[in-house]
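Working notes for the structure below.
The values are calculated or read from the model by the stated rules, or taken from the named source; none is laboratory data. Computed from a predicted model, the values in this text were never measured in an experiment. Positions of Cβ are generated from backbone atoms using ideal geometry, with glycine treated the same way; all protein chains shown enter the neighbour counts.
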Amino acid sequence: MVLETSRRVDDSAISELLRADSLGKRLVHFKVGTVVLKAMVDELIEMGFEWFLPVMLSRTTDPLWPDPGASIEKRIELEIYGERVRTMQSMIVHKRVLVSLGPEKFFILSPNIRIEKRERAYTGWHLYEFTQLEVEMAYAKMHDVFRVYERIMSAAIRKVKEEMGEELEALGRRLRELRPPFEVVSRRELVRRYGEDWERRLPYEIEEPVWVTDIPREFYDYQDFETGEWRNYDLFLPEGYGEVISGAEREYEYEKMLAKIKRDGLRVEDFEVLLRLAKEGKLKPSAGAGLGIERFIAYIVGAKHVGEVQPFPRIPGHVGEL
Ligand code: ASP
Ligand code: MG
């Protein structure tokens, strides 16, 4: 749910990134990316997670609505076999169904297409195609998810420091080890501290990553109807970077979910499977999240634009040669 995080870049930096015939120092970014992905996947498998491969076309996907940070210019729908399908904005619906049917602890490297508004090219923090490291765990609570991501992110940074010291130095990147557990702060507290603009300011105010909780957004995140509090969270990175993870404890009760889907003005038929399972009492409570892989790698290498870690950068507003 990032607003304008400002690692701002200009048009000449963007054109340079879009040249399909030169990778320059980005070759190093890709090597770091390999270490990061391996470290995170190894940790997850060691913790007993099952690994699933993604779907990319489906009748339904994450509505990305309502989300105060969403800025989607276009939603992609197409027809296959006489049916309308959408490209994945996130696999949240699929994760909720899968976790309820059997596998109780899994991860997916899931490509997402989000056609961000073109002015977001300049934030340095948005892409129109990216990949999430999605995790979902049956019966888990917020803190269980915090511990999982703290562990895999720390392992990744430790490995990069161990194995890629020279490369980091060549990039001029002074990377510090992470020191979990990270601080947890509610959005309400941040509004008190920094005002409504907290999301833009926070990444410049913190020294370590911070979990932000209680963010009003999509129906699938759990909301306590008595207090109004949302049991969801984003992880913010320091040094001006910003949001790198979004996740939540999930809604699982039929009436409540239906009321929220209607409240948000969404189409009930898009969430039929979720609602059917919930009605039959088969939708398990769970918690999970997704980490923006390109963003995490961009932070590690100290990139100015997150597109620098993609061989073919997907920068909002720009369709490159390849
Ligand atoms: N991946 C997120 C989740 O698990 C949803 C999102 O993509 O924002 O909640
Ligand atoms: Mg979301």
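Summary of computed values
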quantity: Residue within the range 57-65 that is among the hydroxyl-bearing types (S, T, Y), surrounded by 18 or more Cβ atoms within 10 Å (Cβ to Cβ) and within 12 Å of ligand 1 (Cβ to nearest atom) present; calculated: yes
quantity: Residue among L109, L44 that alone is in contact with a helix residue (DSSP H, G or I) (Cβ under 7 Å, 6 or more places away or on another chain) and within 16 Å of ligand 1 (Cβ to nearest atom); calculated: L44
quantity: Of all residues making up the range 46-80, the number that are under 21 Å from E294 (Cα atoms) and among the aliphatic types (A, V, I, L, M); calculated: 6
quantity: Number of the exception - F236 against (1) within 17 Å of P285 (Cβ to Cβ); (2) within 16 Å of ligand 2 (Cβ to nearest atom); calculated: (1)
quantity: Test for F182: is it more than 30 Å from E253 (Cα to Cα), touching a Phe, Trp or Tyr at 6+ places or on another chain (Cβ under 9 Å) and touching a residue at least 24 places away in the same chain (Cβ under 8 Å); calculated: yes
quantity: Condition met for G48 (surrounded by 17 or more Cβ atoms within 10 Å (Cβ to Cβ), in contact (Cβ under 8 Å) with a residue 24 or more places away in the chain and either among the hydroxyl-bearing types (S, T, Y) or farther than 24 Å from Y222 by Cα (or both)); calculated: no
quantity: Residue list for the range 73-92, filter: touching a residue at least 40 places away in the same chain (Cβ under 8 Å) and either surrounded by fewer than 17 Cβ atoms within 10 Å (Cβ to Cβ) or more than 14 Å from N112 (Cα to Cα) (or both); calculated: E73, K74, R75
quantity: Matching residues in the range 281-304 - criterion: being assigned to a helix (DSSP H, G or I) and either near ligand 1 (Cβ under 10 Å from one of its atoms) or closer than 26 Å to V97 by Cβ (or both); calculated: I293
quantity: So A278, is it of a type in the set (G, A, S), at pLDDT 95 or above, within 28 Å of L109 (Cβ to Cβ) and not in a strand (DSSP E or B); calculated: yes
quantity: Residue ID - farthest from ligand 2 (Cβ to nearest atom), chosen from residues in the range 198-220 that are more than 19 Å from A248 (Cα to Cα) and in contact (Cβ under 8 Å) with a residue 24 or more places away in the chain; calculated: E207
quantity: Check on I152, in contact with a Pro (Cβ under 7 Å, 6 or more places away or on another chain), of a type in the set (A, V, I, L, M, F, W, C) and either touching a residue at least 24 places away in the same chain (Cβ under 8 Å) or surrounded by 22 or more Cβ atoms within 10 Å (Cβ to Cβ) (or both); calculated: no
